[in-house]
Each structure stands twice: as structure tokens, then as C-alpha cells.
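J.: Structure incoming, see below.
The values are calculated or read from the model by the stated rules, or taken from the named source; none is laboratory data. Note that the structure is predicted; figures quoted are calculated from it, not measured. No Cβ is skipped: glycine too gets one built from the backbone with ideal geometry, and neighbour counts run over all protein chains shown. Surface areas here come from the heavy atoms of the whole protein model, side chains and all, with no ligands, DNA or RNA. Shrake-Rupley method; radii C 1.70, N 1.55, O 1.52, S 1.80 Å.
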Amino acid sequence: MASQTYTAGNIQVLEGLEAVRLRPGMYIGTTSSRGLHHLLWEIVDNAIDEASNGFASEVTVTLHKDGSASVYDNGRGMPVDMHPTMGKPGVEVIFTVLHAGGKFNNENYSYSGGLHGVGASVVNALSKWLTVDVFLNWTHYRMAFTSEYDPAKGKVVAGVPSGPLEVIGNTRKKGTLVRFLPDDAVFEDVTFNTEQVSRRLQELAYLNKGIRITFTDERVASAEERTRVFCYDGGISDYVRYLNDGKTPLHENIIYMEGRKDSTVCRAAIQYTDGYSESLFSYVNNINTPEGGSHEAGFKSAFTKAFNDFARRTGILKDKDNNLSGEDFREGLTCVLTTMVRNPQFEGQTKGRLGNSEVRPAVEAIILQQLTDWLDNLKNQEDATAIVTKAVRAAQAREAARKTRDNIRKASALETAPLVGKLSSCTGRKYEDNELFIVEGDSAGGSAKQGRDRRFQAILPLRGKPLNVEKKRLEQVLANEEFRSLITALGTGIGESFSIQNLKYGKVVILSDADQDGAHIRAILLTFFFRYMKELITGGHVYIGMPPLYKVAKGTKTIYAYDDKELAKAVKSVGKGYTLQRYKGLGEMNPEQLWETTMDPSVRKLIRVTIEDAAQVDRLTTILMGDKVEPRRDYICEHADFNRQDNFELPDGQKQEGGR
Ligand code: 0R9
């Protein structure tokens with residue numbers, strides 16, 4: 001826990017803000033919309049830290065009409081006393097010295113993301129202006145900073161105090177208020193996204209039980225819709241209930257576990273549903289870890305052991321029986337696992353996997369103990385038996401699927417068979433450069449085959465709508481011919497034998513029509529990848545192709561427009577007397593057109609599918625693809641968006657920076 005006394009003397013001083021201005025990507029990953037939001041998360045994280053350490057109960061986030069954002073917490077207030085060696089007040093050091101602040105001093109700030117925790121000074125450096133108000137000891141203090149072009153130096157001097165720390169007056173308030181305007185000279189887009197901010201704040205409220213987070217977007221016209229309040233006294237248990245909205249639970253009560261070992265704190269909430277997929281969402285220091293890591297490994301191992309031991313104790317498993325596998329116990333599981341880790345090391349493609357090896361045994365010990373206690377409790381016997389019985393059935397189904405798979409493998413070699421007649425493979429042997437286009441319909445498939453660059457582009461046409469795999473067991477998926485060819489084409493295998501190393505394509509591109517049917521097909525394919533080949537998505541291999549909606553032609557000039565905005569622009573640029581073609585489907589394009597607009601890497605637009613927000617995607621998938629109609633109808637009224645704007649892959653050579 002944080003120590004109660006933190007004077008400015010503890011602040012570690014490292015380096016200046018100039019570096020941040022020069023290479024913002026190094027500090028916030030990217031200057032796209034994602035990077036912009038990163039600024040806000042920096043400040044929000046500091047407020048949440050103050051609250052989760054027990055000093056604040058309220059966090060308020062406001063998006064203002066002038067484009068600025070502000071964050072308030074009712075905690076102790078940032079230190080305003082003088083820093084002993086720098087001779088400046090604590091707040092000034094926090095906002096002007098890179099890596100200052102307790103976050104980098106482990107004795108004071110125990111847990112922080114490590115990714116988000118790059119500090120308030122980075123936000124200051126990348127803002128046009130920033131103000132901080134501290135309400136402390138009945139006094140209201142204020143300090144302001146600006147970033148301005150200095151003609152003498154010929155560059156922007158960032159984060160400079162506009163004056164000394166001021167005393168504004170007396171106050172009964174407590175806490176810290178930070179407001180900043182992101183600099184439009186740094187960011188491609190300086191507009192905060194209401195839904196993105198709202199979703200993250202809701203997530204933080206679930207992850208931090210009892211903290212009241214108020215979100216106001218002053219840009220919203222309707223007063224009713226302007227403010228949302230997120231506060232969950234049930235914390236991650238409430239989160240699991242929310243995720244299971246639209247699913248049928250196997251037991252009413254959420255199983256909640258919590259414990260601490262050395263410096264690792266771990267909490268887990270679980271509830272089983274009658275479905276077949278596994279929905280495990282893990283976090284480290286409030287940061288989502290979609291690629292798992294040591295905390296998940298510890299959790300899974302303890303989980304399997306506790307349930308197998310229970311199944312033996314109660315005679316559900318006999319001496320002669322094999323243990324059930326972890327997968328069997330995770331069928332239909334919805335789980336939120338949160339871990340607080342000192343000095344987290346994030347690894348993997350998208351830095352979404354926890355590397356710290358010491359965390360595994362800690363989480364394992366905590367969960368084994370807690371889950372065994374739960375299973376031994378007499379009042380839980382009915383639920384426990386229902387769960388184990390379901391796992392036994394899962395094991396039987398898994399065995400049946402294995403047999404099906406073996407049979408298919410024998411007949412056609414699932415992983416290696418050449419797909420006569422269906423897949424048009426490419427000639428290139430460098431797998432990471434190869435692309436697989438999954439194309440809706442035979443006629444578009446035909447155009448794609450003729451139009452493509454066969455050196456690195458392979459085409460798999462899909463006939464009709466594929467099977468909706470939500471709530472289908474692997475066995476049923478394998479019985480479906482379309483999916484079998486897809487699995488064979490990818491080369492990875494599926495289920496237990498899935499291996500991303502065997503993937504034959506660096507990019508897997510879904511190409512469907514820009515209509516309702518096309519959207520449905522896309523959703524089905526994404527559901528399939530999400531449920532059965534998540535690594536394909538987390539590894540950044542799945543893309544959505546963007547065919548144009550219109551062709552504007554005049555004389556020899558042709559412009560393709562991908563949305564209505566672009567159409568308006570195109571029409572304006574060619575002037576009167578043009579012909580307009582609206583494409584209803586991919587099939588209407590001839591091979592050259594398809595290449596020119598959708599497949600040629602130097603002009604096409606692809607959207608990379610991410611599951612940054614895997615929990616939301618899971619909930620959405622259930623609602624949109626599951627079997628309950630009501631929640632679907634409710635949801636469609638709002639909007640469902642798998643594709644974030646900032647995940648566009650632009651034409652060749654203009655790739656967006658990656659990172660988080
Ligand atoms: C509006 C967003 N909130 C903040 O940025 C915020 C930072 C912060 C804080 C302390 C209290 N409230 C805060 N809000 C704080 C922390 C500690 C002692 N006193 C006050 C401590 O960690 O022991 N600080 C976060 C870092 C620091 N203060 C500092 F100490 F490094 F300056």
C-alpha cells in the first residue's frame with residue numbers, strides 16, 4: 001500500500017520533456033486517435049490509483065466543448081510542498097519532469113500499469129495547455145502550463161509553467177483536478193470518442209469496486225444523455241453478470257475469489273453458462289491482457305487441479321478415469337481475473353501478455369486455496385456438481401470431436417490437404433507475406449482469382465452463409481464444409497491442435513459485400529475466429545477488406561469512393577457531367593476493378609480487427625450471434641462496432657504505428 005506521507009522529496013527526477021515532443025510515439029505508442037485517448041488514460045489512471053489506494057471515492061471525467069478533457073479525484077491532492085533539491089513545488093515537478101511521480105518509486109506507488117504509467121508530464125508535453133487545481137489543507141492551489149512556439153529557438157517549447165503555483169483561495173474541497181487540451185500539432189485527430197471513453201470508464205468502475213466514476217460529455221446536446229455514472233459495489237462479480245447478459249447461467253451465484261501472496265494481489269469472479277465457449281478476461285493493474293501470461297497460467301492450472309480433486313473426492317471421477325482437461329472445465333466459463341503486480345513486464349505482439357514468472361505460483365496458490373474452500377463448502381455442492389457434470393460432458397464431446405477430426409484427417413488431411421477446386425493458393429513461400437482473401441460468393445471469388453497477384457494472394461470463395469458457430473461445439477463446426485476448407489487453408493489446425501506457427505498467411509482478409517448479408521457473413525467469420533482461433537486476432541492477422549461503394553467516372557478519370565463523404569468529395573472534384581455507379585456487391589466488379597480498389601496493396605484500405613476490448617466483443621458476440629432475440633433487438637438499436645477507426649491499415653508505406 002502507498003505510504004501515507006509523500007513529500008515532494010521522494011520524487012525521482014529523470015529527464016526533460018523535449019524528448020517527448022520529438023518522439024511522441026515512444027511514449028504513447030502512436031499519435032493516432034488511440035494515442036490521444038492514451039493521454040486521458042494517463043490522468044485517469046492517476047486518479048484511479050489514488051482511489052484504489054483508499055484515499056479517494058470519486059473520479060469525475062469531463063469532455064469539454066473546447067476539446068479539452070478534465071479529470072478530478074477527491075483524494076489527498078497532489079503534493080504542493082517544495083521539492084528539496086529542485087526547489088520547485090511537487091506539482092510542478094510532476095508535470096515538468098519526465099518520469100517524476102511516485103509511480104516510478106515503488107515504495108510509494110505499488111501498482112501501476114507500467115504502460116499507462118508514463119506520467120503526467122507526458123500529457124503536459126503533448127498538450128497545448130494544461131491546468132492543475134489542488135484542493136488541500138482547505139486551500140485551493142492552481143498551476144498552469146502551456147506549449148508554445150519559441151521563434152528564438154525555432155521550435156515548440158512544451159509544458160512550460162505560465163507562472164508560479166498560485167493560491168486561489170480557501171476551499172472545503174479535497175483532491176486534484178487536471179484539465180488539458182491535446183495539441184493538434186501532435187495528434188492526427190484531437191476529438192475524443194464518447195463511446196470509447198465511456199467503455200473504458202465503465203470497465204475501470206467494474207475493476208475497482210465501489211469507486212464512483214462520473215462521465216460527462218459536454219459536447220452532447222441532450223442533457224439526459226450527457227452524463228453517465230458508473231459504480232459497482234459488486235466489482236468484478238457485477239462485471240461477470242454484465243458479460244453474461246443474454247446467456248443462460250448454470251448457477252445463480254457468482255463464485256468470487258480473492259487473495260494476496262507476497263506483493264501479488266489476485267481476484268477472480270466466475271459464473272458458468274450453458275454455452276460452449278470460454279470467456280476468460282484477465283487484467284494486470286487494470287490493463288487488459290488479451291494474450292494471457294503468467295497470471296492466467298497460474299489461474300488455469302489451479303482451476304483444473306481444484307476441480308479434478310473435487311471430482312475425485314466426490315466420486316464423479318473414478319480411480320480408473322483420467323483427469324478432465326483444463327479446457328473441459330472452462331467450457332461455458334465466464335471469468336474475470338484481475339491481478340495487481342509490482343513491476344509488470346508486458347510481452348508479446350501487442351504487449352498484451354504478462355511475463356513476470358513470479359506471478360504464476362502466487363496466483364496458483366491463491367486460486368487453489370480459494371476455489372478448494374468454495375468447493376468444500378456444503379452450501380455450494382449443487383452448483384459444484386452441475387459444473388463438474390458439465391465438464392464431464394465437455395470431455396465426452398471433446399473425445400467425439402477428436403474422432404471426427406481424426407476421420408477427416410485420414411480422409412482429407414485437414415491440416416495439409418490441397419483444396420482442389422476451392423482454394424486458389426498463391427505461389428509465394430514466404431508465409432508472412434502471403435494473404436488469404438475469404439471472399440463472399442462464387443462470382444466475386446472468380447473475379448478475385450483473376451484480379452489478384454497470385455504470387456502472394458490466395459483466394460477462398462465462400463458459398464452462401466457459413467454456419468453460425470456461436471453456441472456450437474467444435475464437433476459441429478468440423479462437420480461444416482465451409483469451415484473445414486477454411487481451417488485447411490489456414491494450416492493452423494483447430495482446438496487442441498491449433499498452432500499459430502503453422503499459419504500459412506500473414507494476413508487473413510475477409511471480403512464481403514457492403515450490405516446486410518455481407519455484414520452477417522463477416523460477423524459469422526469473426527465469431528469463428530474469436531471463439532476458435534483467438535490468437536489469429538490477437539496476433540493481428542485478421543483484416544476486413546473495404547470494397548468501394550461508388551465509382552465516379554468522367555472521361556478518362558475514375559474515382560472510387562468508399563463512403564458517402566468520399567463520394568461528395570469525388571463528385572465535387574470531377575465537376576458536372578459524370579456517371580455514377582453504385583456497387584451493390586463485389587460480384588459487380590470485374591477482376592481489374594476488384595484489384596484496383598480492394599486488393600492492390602498500394603491503394604486498398606484494410607481494417608485490422610483487434611480485440612483490445614475482448615470483454616465487450618464477447619458480450620457483443622453473444623448478443624448478436626447467440627440465441628436470445630430480445631437482447632439482440634435492444635442492442636442493434638445501439639451500435640455494434642468491431643472496427644475501430646484507428647485500426648485502418650493504409651495503403652503501402654503509410655502503415656499506422658502499432659503499440660498500445
Ligand atoms: C486528476 C487526476 N489525479 C491525479 O493525477 C492525482 C495524482 C495524485 C497523487 C496524490 C494524490 N492524489 C492524486 N491525484 C498523492 C500521492 C501520494 C501522496 N500524496 C498525494 C503518494 O503516492 O504517496 N500523486 C500521484 C503521484 C504523486 N502524487 C506524487 F507524489 F508523485 F507527487
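J.: Could you go through the range 551-565 and let me know if any residue there is surrounded by 18 or more Cβ atoms within 10 Å (Cβ to Cβ) and more than 21 Å from Pro591 (Cα to Cα).
T.: no
J.: Looking only at residues that are open to solvent by less than 30 Å² (accessible area, probe 1.4 Å) and part of a helix (DSSP H, G or I) in the range 203-228, which one is farthest from Arg23 (Cα to Cα)?
T.: Looking at the filtered set, the residue picked out is Tyr206.
J.: Of the conditions (1) within 28 Å of Leu136 (Cα to Cα); (2) surrounded by 24 or more Cβ atoms within 10 Å (Cβ to Cβ); (3) within 19 Å of the chain's Cα centre (by Cα), Ile28 clears all except one; give me its number.
T.: Among (1) within 28 Å of Leu136 (Cα to Cα); (2) surrounded by 24 or more Cβ atoms within 10 Å (Cβ to Cβ); (3) within 19 Å of the chain's Cα centre (by Cα), Ile28 violates only (1).
J.: Could you check the range 174-195 and list, in sequence order, the residues that are open to solvent by 30 Å² or more (accessible area, probe 1.4 Å) and either within 16 Å of the ligand (Cβ to nearest atom) or not aliphatic (A, V, I, L, M) (or both)?
T.: Passing the criteria: Lys174, Leu177, Arg179, Leu181, Asp184, Glu188, Asp189, Thr191, Asn193, Thr194, Glu195.
J.: Continuing with this model, one more query. Quick one: in the range 157-173, of everything that is buried (at least 17 other Cβ atoms within 10 Å of the Cβ) and modelled with pLDDT under 95, which residue is farthest from Asp81 (Cα to Cα)?
T.: Step by step, filter the range 157-173, then rank; the result is Ala158.
J.: Still on this structure, I have one more. I'd like to know if the range 25-37 contains one or more residues that are closer than 20 Å to Asn208 by Cβ, at pLDDT 90 or above, away from the ligand (no atom under 15 Å from the Cβ) and assigned to a helix (DSSP H, G or I).
T.: Scanning the range 25-37, I find at least one residue that is closer than 20 Å to Asn208 by Cβ, at pLDDT 90 or above, away from the ligand (no atom under 15 Å from the Cβ) and assigned to a helix (DSSP H, G or I), so the answer is yes.
J.: Let me ask something additional. Hey, does the range 595-603 have a residue that's β-branched (Val, Ile, Thr), touching a helix residue (DSSP H, G or I) at 6+ places or on another chain (Cβ under 6 Å), open to solvent by less than 30 Å² (accessible area, probe 1.4 Å) and modelled with pLDDT of 90 or more?
T.: Scanning the range 595-603, I find no residue that is β-branched (Val, Ile, Thr), touching a helix residue (DSSP H, G or I) at 6+ places or on another chain (Cβ under 6 Å), open to solvent by less than 30 Å² (accessible area, probe 1.4 Å) and modelled with pLDDT of 90 or more, so the answer is no.
J.: Going through the range 49-59 one residue at a time, which ones are over 22 Å from the mean Cα position of the chain (by Cα), outside any loop (DSSP other than H, G, I, E, B) and either within 20 Å of Asn124 (Cβ to Cβ) or within 8 Å of the ligand (Cβ to nearest atom) (or both)?
T.: Once the filter is applied, which keeps residues that are over 22 Å from the mean Cα position of the chain (by Cα), outside any loop (DSSP other than H, G, I, E, B) and either within 20 Å of Asn124 (Cβ to Cβ) or within 8 Å of the ligand (Cβ to nearest atom) (or both), the range 49-59 yields Glu50, Val59.
J.: Still on this structure: Being open to solvent by 10 Å² or more (accessible area, probe 1.4 Å) and in contact with a Leu (Cβ under 6 Å, 6 or more places away or on another chain) is the filter here; which residues of the range 275-290 pass it?
T.: Glu278, Asn286
J.: Hey, another quick one. Run Phe483 past the list (1) open to solvent by less than 10 Å² (accessible area, probe 1.4 Å); (2) of a type in the set (Phe, Trp, Tyr); (3) without any contact (Cβ under 8 Å) to a residue 40 or more places away in the chain and report the number of the one that doesn't hold.
T.: (3)
J.: Applying the selection to the range 393-410, what residues are under 17 Å from Thr273 (Cα atoms) and open to solvent by less than 40 Å² (accessible area, probe 1.4 Å)?
T.: Hits for the range 393-410 are Ala394, Ala395, Ala397.
J.: Can you tell me which residues in the range 107-139 are closer than 20 Å to Ser162 by Cβ and either at pLDDT below 50 or open to solvent by 30 Å² or more (accessible area, probe 1.4 Å) (or both)?
T.: Selection gives Lys128, Trp129, Thr131.
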